[in-house]
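The block underneath contains the structure these notes are about, expressed in structure tokens.
The values are calculated or read from the model by the stated rules, or taken from the named source; none is laboratory data. Just so it is clear, the structure is predicted and the values come from calculations on it, not from any experiment. Cβ coordinates were reconstructed from backbone atoms using ideal geometry, including for glycine residues, and neighbour counts include every protein chain displayed.
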């Protein structure tokens, strides 16, 4: 970040984990306030409360502020984690498969809420996911990795579908399946083919952007 290597935790990078990672003895409000106090140590109790309440309302949890994690559903716990991360006002939000443990209905709901939160804050979000449709719905750019154990970034794919996006609408966009088929083809075949190929320019080099939506249509037979 800013040409400096990130070597450990920082208040400039917030993290949403695969599991909610909440402190079980604290309430919803206290879990979010914990990060806020760490960032702004000179703030008064009133300033902290106003800030925490703002982000709890943003994720729709202001009505359960006094509940502890064991009193919340899985989706609510994840939303507390998202609120805690966004409340830090960090420049970068890191999300490690944050919806992987959720059922399909809850996952869709939280995805929609993340898009809404991002729309209001415009923070940079870097998310790891194995779900192709989730990547297309949420992302502006998708970095495709080769298979391990020496995995590397093999391709950078531009997702140029217009925003705001909804799950019901984007599947009808003329570019949607072009992009999706490109990603599926990489995961099924090309990721294996490229696994043993060294990255041009070294392991940290980034490949040029690819825009499947702009690719020419195949010639008619």
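Is one or more of the residues making up the stretch 56-75 at pLDDT 85 or above, surrounded by fewer than 20 Cβ atoms within 10 Å (Cβ to Cβ) and under 17 Å from the mean Cα position of the chain (by Cα)?
No: the stretch 56-75 contains no residue that is at pLDDT 85 or above, surrounded by fewer than 20 Cβ atoms within 10 Å (Cβ to Cβ) and under 17 Å from the mean Cα position of the chain (by Cα).
Output yes when any residue across the stretch 159-166 is touching a helix residue (DSSP H, G or I) at 6+ places or on another chain (Cβ under 6 Å), at pLDDT 90 or above and in a helix (DSSP H, G or I), and no when none is.
So far as the stretch 159-166 goes, no, none of its residues is touching a helix residue (DSSP H, G or I) at 6+ places or on another chain (Cβ under 6 Å), at pLDDT 90 or above and in a helix (DSSP H, G or I).
Among the residues that make up the stretch 96-109, is at least one of them in a helix (DSSP H, G or I) and more than 27 Å from residue 182 (Cα to Cα)?
Start the filter on the stretch 96-109 by keeping residues that are in a helix (DSSP H, G or I), which leaves 104-109.
So of that shortlist, the ones also more than 27 Å from residue 182 (Cα to Cα) come out as 106.
For the stretch 96-109, residues in a helix (DSSP H, G or I) and more than 27 Å from residue 182 (Cα to Cα): present.
Report yes if residue 103 is over 15 Å from the mean Cα position of the chain (by Cα), modelled with pLDDT under 90 and not assigned by TED's automatic domain parsing to the domain that holds residue 171, otherwise no. Explain how you work it out, then say what you get.
Working: over 15 Å from the mean Cα position of the chain (by Cα): yes; modelled with pLDDT under 90: yes; not assigned by TED's automatic domain parsing to the domain that holds residue 171: yes.
Yes, satisfied.
Of the residues in the stretch 24-52, how many are in a loop (DSSP other than H, G, I, E, B), free of Cβ contacts under 8 Å to residues at least 12 places away in the same chain and surrounded by fewer than 14 Cβ atoms within 10 Å (Cβ to Cβ)?
Let us first name the residues in the stretch 24-52 that are in a loop (DSSP other than H, G, I, E, B), namely 24-27, 40-44.
When the remaining residues are screened for being free of Cβ contacts under 8 Å to residues at least 12 places away in the same chain, the result is 40-44.
Retained after the next criterion (residues that are surrounded by fewer than 14 Cβ atoms within 10 Å (Cβ to Cβ)): 41-42, 44.
Qualifying residue count, the stretch 24-52: 3.
Only one residue in 83, 90 is closer than 25 Å to residue 165 by Cβ, in contact with a helix residue (DSSP H, G or I) (Cβ under 9 Å, 6 or more places away or on another chain), not assigned by TED's automatic domain parsing to the domain that holds residue 165 and not in a helix (DSSP H, G or I). Which one?
90
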